[in-house]
Amino acid sequence: MSFTRKTLKILALIYFVLGIASLVTAGVGIATGGLGSTYGSYATLAAVVLIAKGLVDLAAGVAGIKGANKPSQVDGAFKLGIVAAVATLAQAVLTLPAFGGDAINYGAFVIVVYDLFFVQQAHAVKAENKDRL
């Protein structure tokens, strides 16, 4: 297994864990009402955004693992990585009202860089697979 494929697999495993963490956080927040203390009246929006982002991250993780193991299937990871980057930007924008509309969600922008690195690695695996054929 090449270094590029190993890197993609590690990034995909992190995505998988992040997806599960987002879903658990949303579930616990909904069950306990804990999202209300952070997001106030936007708690429902935050829960929906967390669930959607968690599902996208989980799917990207699964697709990345599949793509790392079988490079001919890496196209799904590439596309889901782009969707994850867009979803992270949407999450940053949708949670702005919860923070008063004037705070910048720096964590989301760090995650977008991670998303784009994942996309770049998936593209590199795709190119490496074309070279092999």
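Read-outs: derived from the displayed coordinates by stated rules, not from any lab. From a predicted model like this one, the values you see are computed outputs, not experimental measurements. Neighbour counts run over all protein chains shown; Cβ positions are idealised from the backbone, glycine included.
What FRET efficiency do you get for Val83 and Lys6 if R0 is 22 Å and r is their Cβ-Cβ distance, rounded to the nearest 0.05?
On the way: r = 23 Å, r/R0 = 1.06.
E(calc), rounded to 0.05, equals 0.40.
Would you calculate the volume per residue, in Å³, of the smallest convex hull containing every Cα atom of region 1-95? Present the calculation step by step, with values, prior to reporting the outcome.
On the way: hull volume 7.3 nm³, N = 95.
Residue-normalised Cα hull volume stands at 76 Å³.
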- Distance in nm between pseudo-label sites at Thr32 and Val110 (7 Å out along the Cβ direction from Cα): 2.2
- Could you tell me which of rounded, prolate or oblate describes region 43-88, using a ≥ b ≥ c as the square roots of the eigenvalues of the alpha-carbon gyration tensor, with rounded for a/c under 1.5 and, failing that, prolate when a/b is larger than b/c and oblate otherwise? prolate
- Query: So what are the ³J(HN,Hα) numbers for region 49-57, from phi and the Karplus equation (6.51, -1.76, 1.60; θ = phi - 60°), rounded to whole Hz, Gly and Pro as x?
  - Reply: 5, 4, 5, 4, 5, x, 5, 5, 4
